[in-house]
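One structure is given below, encoded as structure tokens.
The values are calculated or read from the model by the stated rules, or taken from the named source; none is laboratory data. Note that the coordinates shown come from a computational prediction; the quantities given were computed from them, not determined experimentally. Using ideal geometry, Cβ is built from the backbone for each residue, glycine included, and neighbour counts are taken over all protein chains shown.
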Amino acid sequence: MLTRKQRVILLKILSLFSVVRGYNVLVIVIAQYLASIYIMAPDIPVREVLFDPNLFALVAASALAIASGYIINNFYDAEKDLINRPRKSILDRQVSQRFKLSTYFILNFISVVFASYVSFKAVLFFAAYIFGIWFYSHKLKRRAFIGNIISALLAITPFFAVFIYYKNFDLVIFIHAIFLFLLILNREMIKDLENMKGDLVYDYKTVPVIYGERASKSMITGLSLLTIAAAWLLIRQFEIGHMYYYFYAAIIILLLFLIVLWRSVSKVDYLLLHNILKFVIVTGVFSILLIDIDLVLNRFF
């Protein structure tokens, strides 16, 4: 049996893990490595990619910057989340705002230290990235659509660090990035519908708050159709191995998503849509393996 002190410590660890969205950070780390092996550097032996200290430093810097970004976002949204996510807020409040800020600065500092291992340009890149996350959380998040676009751009920015490192400018990488960007932007728009109650109370100028749910659904529909177009382009114009199975499935899911979207009226409905998009994004990460199923076995040595 755990003592009371041990239970308190465990609860605080779980609270911090919830604040930094540890599961999201882990998925992004996996995505960066898979993208490096299968998309960014397909001609480099897998062992070299996996044990590349520079890549490790970039991924570590990204993970720490993203985790700190979740902290500062949680810090600014603490009151609103009491309305939109009451259960999660109870867990998140097990650590003080002061402790969150201290952790935020520490993680950012360590992120820049990791970046300095690669180059001074990497330091500037991550310094700008960290500032961008803060500026988004502090100012831009409250602005309709602009906040959504910036959030989606910040979400895919860590992949550009790897992209720049390998200097691979193939068109297929940009189309993959556009597909991911549109998916994440869609999810951000759905989150605005899901969190509309708290946004109204705290005067967040989101699309559904200013223009209404119907206008928001129309914009999401347009974004979904663009996402489907990007998926179709990847299937028809590029060599993506067996990953075309994923994109066909994504197209079908997005079409069903649109049907559910226009029938949705409650927070529960929008939470379902949010989870559908999250499923498509996370499944996409692991579907990168389908580009070449035998690649790891054939090229590890």
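Only one residue in S151, S216 is among the polar types (S, T, N, Q) and in contact with a Pro (Cβ under 6 Å, 6 or more places away or on another chain), so which one is that?
Numbers: S151 fails: in contact with a Pro (Cβ under 6 Å, 6 or more places away or on another chain).
Answer to the selection: S216.
Cβ-Cβ below 9 Å, separation at least six or inter-chain, first residue in segment 215-238 and in the same structural domain as L193 (by TED's automatic domain parsing) and part of a helix (DSSP H, G or I), second among the hydroxyl-bearing types (S, T, Y) and modelled with pLDDT of 95 or more: which pairs?
Within 9 Å, the pairs are A231/Y246; A231/Y248; I235/Y248.
Residues in segment 36-50: is at least one in contact with a Lys or Arg (Cβ under 7 Å, 6 or more places away or on another chain) and among the hydroxyl-bearing types (S, T, Y)?
Checking segment 36-50: not a single residue is in contact with a Lys or Arg (Cβ under 7 Å, 6 or more places away or on another chain) and among the hydroxyl-bearing types (S, T, Y).
Could you check, for segment 200-210, whether at least one of its residues is outside any helix (DSSP H, G or I), more than 24 Å from A35 (Cα to Cα), out of contact with any Asp or Glu (no Cβ under 7 Å at 6 or more places or on another chain) and without any contact (Cβ under 8 Å) to a residue 24 or more places away in the chain? Quick ask: steps written out before the conclusion?
Residues of segment 200-210 outside any helix (DSSP H, G or I): 202-206.
Filter once more, so that each one left must be more than 24 Å from A35 (Cα to Cα): 202-206.
If we keep only those that are out of contact with any Asp or Glu (no Cβ under 7 Å at 6 or more places or on another chain) as well, we get 203-205.
Okay, now just the ones that are also without any contact (Cβ under 8 Å) to a residue 24 or more places away in the chain, so none.
No: zero hits.
Would you point out which residue out of I149, I184 is under 15 Å from the mean Cα position of the chain (by Cα) and either without any contact (Cβ under 8 Å) to a residue 24 or more places away in the chain or in the same structural domain as V25 (by TED's automatic domain parsing) (or both)?
Numbers: I184 fails: either without any contact (Cβ under 8 Å) to a residue 24 or more places away in the chain or in the same structural domain as V25 (by TED's automatic domain parsing) (or both).
Within the list I149, I184, the selection yields I149.
Any residue in segment 92-108 that is within 14 Å of S15 (Cα to Cα) and under 20 Å from the mean Cα position of the chain (by Cα)?
Checked segment 92-108: at least one residue is within 14 Å of S15 (Cα to Cα) and under 20 Å from the mean Cα position of the chain (by Cα).
Sort out which residues of segment 94-117 are at pLDDT 85 or above and either small (G, A, S) or not assigned by TED's automatic domain parsing to the domain that holds E79 (or both), and write them in order of number.
Selection gives S102, S111, A115, S116.
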